[in-house]
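Chemist: For reference, the structure I am asking about is given below.
The values are calculated or read from the model by the stated rules, or taken from the named source; none is laboratory data. What you see is a predicted model, and the numbers here were worked out from it, not measured in a lab. Counting neighbours? That spans all protein chains shown, and the Cβs are built from the backbone with ideal geometry, glycine included. The accessibility values were calculated without ligands, DNA or RNA, using every heavy atom of the protein model including side chains. Shrake-Rupley method; radii C 1.70, N 1.55, O 1.52, S 1.80 Å.
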Amino acid sequence: SISRLLYLLQQETSSTELRTECAVVLGSLAMGTENNVKSLLDCHIIPALLQGRLLSPDLKFIEACLRCLRTIFISPVTPEDLLYTDATVISHLMALLSRSRYTQEYICQIFSHCCKGPDHQTILFNHGAVQNIAHLLVSTSYKVRMQALKCFSVLAFENPQVSMTLVNVSVDGELLPQIFVKMLQRDKPIEMQLTAAKCLTSMCRAGAIRTDDSCIVLKTLPCLVRMCSKERLLEERVEGAETLAYLIETDVELQRIASITDHLIVMLADYFKYPSSVSAITDIKRLDHDLKHAHELRQAAFKLYASLGANDEDIRKKIIETENMMDRIVNGLSESSIKVRLAAVRCLHSLSRSVQQLRTSFQDHAVWKPLMKANSSLLPLSLQVLQNAPNEILIVASSTLCNLLLEFSPSKEPILESGAIELLCSLTQSENLALRVNGIWALMNMAFQAEQKIKSDILRGLSTEQLFQLLSDSDVNVLMKTLGLLRNLLSTRPHIDHIMSTHGKQIMQAVTLILEGEHNIEVKEQTLCILANIADGTTAKELIMTNDDILQKIKYYMSHSNAKLQLAAMFCISNLIWNEEEGSQERQDKLRDMGIVDILHKLSQSSDPNLCDK
């Protein structure tokens, strides 16, 4: 039994041969099913193999223990944290790296499998992983070179500290980036090319290598594009596309270069063709394999399309014109796999930044329906669903709706018919800041140059209480977008008069609240612009003229030290005093009595040409 083997392994009195055989048998058991590994873990095999065993002078025994540990740690049922529970273990393993090529291979494999996230990276980095593993990249053993490379790929991922260190490390007079570039060459095994490309990608994203460096433009990027071709295995194509998406995500020039390398945009369309038609597949294993990777392929393609189209209008046009692209996105938005849905919505978000494309392609496809569905989990009726709809999807979906709701977008009408106002108003009540911002931002876009009915529906859907809630939100972004919404609602005279006749009291209260609060210049300026819009109404301007408190505030801001606020306050005054408008004489008299004319005389002498002119 396992416990008997472990007992013999730990007995100092047992002969080294016997203890080595026990480690070999335990290693063979670990290679069996996941249940085998679970049984071994339940018997505390890891501490048994680690504690004291690694201090043995016998190399064969140490190698057998490490081989068994490696097999256990690469099993999906083994928690990575077990490697880090005893602080001395990592130091022991680092010391054993010099013993033999087998200890090097197994230890690097253990490290690369157990390094998940920044905490693990820091522990390994602080224990000298970079210095101890670097020289293994030039080992005579391919397996050692490969495991060392994998170590660097997980250590450097999204880790600027490691990446910045790697750039300056040299082995036998050659810097690591140059060693990685050699490993990218076409004559090297694919696994090595891909992993080296990942290392260089992480270093580039961390700023350790410039994006215009030839090792990125001429070596890493073309290598990753090659990995996306039909000749590669499905898993290699997934990894290639995901790594390339990450490499070019924030750099316009790399996006342009990738888009014209090896017909990449067309090549990616092939990612959606799995599993192939069943009749063509005689091999049931192959069908199973294709099915398993189909989700991952679609997810990777959507991610790469999103990165490619992040900034350039022409690239977005090419993507949208790729065969059945919009249908694929619509299907992706409704897939069962959350990862595919998120990647599809990110792709759509990227494409929705495109003004021209919004006018044409998007209206032919009901892209908003799945988006509304992605967001519908926030409607009061189905709040329970919110538990299952990850915020990540909701944030990108609502962000995409913001783009789809801009005035020029033909998508606006159908979105409105789908109950978007109700949905977006519920987003503004979310605990999640990004969702609140997106909800109010989308409403602001919806209200831009909208007809009166839409504006009234928005105000009704939001409720006065919620409006005040948003205006007192601790996040300045929410506050600015809410003021932007008010400003868009209060545009064009008939609309201003209509809204102020139904909501005037509350809106004036809100304006007072903000002008009296501790807010930055931008917030105050936006609020004074709202007042200027109200002052432009025919009947609405009376709400300002009969409110002495507000008039005093306008007067105060005319003499403020900030020119932006002075200009905004003067807009309010000029909208109140047009000669051709009814009642202008009375309004002018009242403002003259308040001393406004004296301030205007002073401002006409101002050194600021804008103020002087106004």
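Chemist: Enter the Cα centre distance for the pair region 460-477 and region 522-554, rounded to the nearest angstrom.
Modeler: For region 460-477 versus region 522-554, the Cα centre distance is 19 Å.
Chemist: Follow-up question, since we're still on this one. Which FRET efficiency value, to the nearest 0.05, is calculated for Asp327 and Val77 with the Förster distance at 35 angstrom and r the Cβ-Cβ distance?
Modeler: 0.30
Chemist: In square angstrom, what is the accessible area per residue of region 494-613 with a 1.4 angstrom probe? Let's see the in-between values first.
Modeler: Working: 6050 Å² over 120 residues.
Ligands and nucleic acids excluded, the figure is 50 Å² per residue.
Chemist: List the DSSP H helices in the chain whose Cα atoms stretch 18 Å or more along the helix axis and whose mean Kyte-Doolittle hydropathy is at least 0.0.
Modeler: Span-like helices, by this rule, are 16-30, 59-73, 142-156, 190-205, 234-248, 338-351, 391-404, 433-447, 476-489, 521-535, 563-576.
Chemist: Can I ask one more? What percentage of the solvent-accessible surface of the chain, computed with a 1.4 Å probe over protein heavy atoms, is contributed by carbon and sulfur atoms?
Modeler: Carbon plus sulfur share of accessible area: 52 percent.
Chemist: Still on this structure, I have one more. For a 31 Å ceiling on Cα separation, which of these pairs sit above it: Lys505/Lys602; Lys116/Lys182; Lys318/Lys564; Lys303/Lys455; Lys303/Lys453?
Modeler: Distance filter (> 31 Å) returns Lys505/Lys602; Lys318/Lys564; Lys303/Lys455; Lys303/Lys453.
Chemist: Once you order the gyration tensor axes a ≥ b ≥ c over the Cα atoms, which shape class does region 1-126 get: rounded for a/c under 1.5, otherwise prolate or oblate by comparing a/b with b/c?
Modeler: Note, shape of region 1-126 comes out oblate.
Chemist: Something else now. When the Cα centres of region 578-597 and region 107-145 are compared, how far apart do they sit, in Å?
Modeler: Value for the Cα centre distance between the two parts: 78 Å.
Chemist: Report the paramagnetic label zone for Glu422: residues of region 447-473 whose backbone N is under 20 Å from a point 7 Å from Cα along the Cα-to-Cβ axis.
Modeler: 447, 453-467
Chemist: Under 18 Å from a point 7 Å along the Cα-to-Cβ line of Asp475: which residues of region 494-536 have their amide N that close?
Modeler: Answer for region 494-536: 520, 523.
Chemist: List the residues of region 40-66 whose backbone N lies under 11 Å from a point placed 7 Å from the Cα of Thr88 along the Cα-to-Cβ direction.
Modeler: Backbone N within reach: 51-55.
Chemist: Within 10 Å, at most 14 other Cβ atoms, and a DSSP state outside H, G, I, E, B define an exposed site. Report the longest part of the chain free of exposed GluC sites (Glu not before Pro).
Modeler: 13-157
Chemist: Using only the Cα atoms of the chain, build the gyration tensor, take square roots of its eigenvalues as a ≥ b ≥ c, and label the shape rounded, prolate or oblate: rounded if a/c is under 1.5, else prolate if a/b is larger than b/c, else oblate. Let's see the in-between values first.
Modeler: Working: a/c = 2.53, a/b = 2.25, b/c = 1.13.
Here the chain falls in the prolate category.
Chemist: Further question on the same structure: Give the ranking of His498, His44, His120 by solvent-accessible surface, highest area first, calculated with a 1.4 Å probe.
Modeler: If we order His498, His44, His120 from most to least accessible, we get His44, His498, His120.
Chemist: On to the next question. Based solely on its DSSP helices, what 222 nm [θ] is calculated for the chain when runs of n ≥ 4 H residues each add -39,500 (n - 2.57) and the sum is averaged over all residues, nearest 500 deg cm²/dmol?
Modeler: -20500 deg cm²/dmol
Chemist: With a 1.4 Å probe and every protein chain left in place, tell me how much accessible area Arg145 has, in Å² to the nearest 10.
Modeler: 60
Chemist: Got the relative contact order for the chain handy, in percent, Cα pairs under 8 Å and 6 or more residues apart?
Modeler: The value is 5 percent.
Chemist: Just how much of Met146 is accessible, in Å², when a 1.4 Å probe is used and the result is rounded to the nearest 10?
Modeler: Answer for Met146: close to 10 Å² accessible.
Chemist: Using a Förster distance of 41 angstrom, determine the FRET efficiency expected from the C-beta separation of Arg210 and Ser561, and round it to 0.05.
Modeler: It comes to 0.40.
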